[in-house]
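Enquirer: Below: one structure in structure tokens.
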Amino acid sequence: PHGTGTMRYPNGDVYEGQFKNDRRHGAGTYTYAGGGAYVGEWRDDRRHGAGERTYSKGDSYRGEWRDGERHGHGTINYAQGGAYT
């Protein structure tokens, strides 16, 4: 796909957002079937730029991403309370 759309994966995950050359690219939301999600920017099918990843246990990371990995400034918020910047 190219443009904006929704992709449903066999494992139950769902991506809604922008595509370029059949890859997630631009702004989008990826929702994991087991809980949690990523809302933010994508480049070449990887998290890249500003985004927030929430995990099924309630923890979250909001900040910068590069090539699918947390990179640069960001904050981890723990479900039990507390945060790490």
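Enquirer: Quick one: how many residues across the stretch 34-45 are over 9 Å from the mean Cα position of the chain (by Cα) and farther than 15 Å from LYS57 by Cβ?
Expert: Taking the stretch 34-45 first, the residues over 9 Å from the mean Cα position of the chain (by Cα) are 34-36, 43-45.
From what's left, farther than 15 Å from LYS57 by Cβ: 43-45.
Count: 3.
Enquirer: Tally the residues that are within 23 Å of ARG8 (Cα to Cα) and either in contact with a Phe, Trp or Tyr (Cβ under 6 Å, 6 or more places away or on another chain) or exposed (fewer than 13 other Cβ atoms within 10 Å of the Cβ) (or both), restricting the search to the stretch 58-85.
Expert: Going through the stretch 58-85 one residue at a time, the tally reaches 2.
Enquirer: Looking at (1) crowded, with 17+ Cβ neighbours inside 10 Å; (2) touching a strand residue (DSSP E or B) at 6+ places or on another chain (Cβ under 6 Å), can you tell me which one TYR32 breaks?
Expert: It is condition (2) that TYR32 fails.
Enquirer: Further question: Contact list please: Cβ distance under 9 Å, first residue in the stretch 51-74 and free of Cβ contacts under 8 Å to residues at least 40 places away in the same chain, second residue loosely packed, with under 14 Cβ neighbours inside 10 Å and of a type in the set (A, V, I, L, M, F, W, C), pairs at least six apart or on different chains.
Expert: Hits for this filter: TYR55/ALA79; LYS57/ALA79; GLY58/ALA79; ASP59/ALA79; SER60/ALA79.
Each reported figure results from applying straightforward, stated rules to the coordinates on display, with no laboratory input. These figures come from a predicted structure and were not determined experimentally. Cβ: placed from backbone, ideal geometry, glycine included. Neighbour counts: every protein chain shown.
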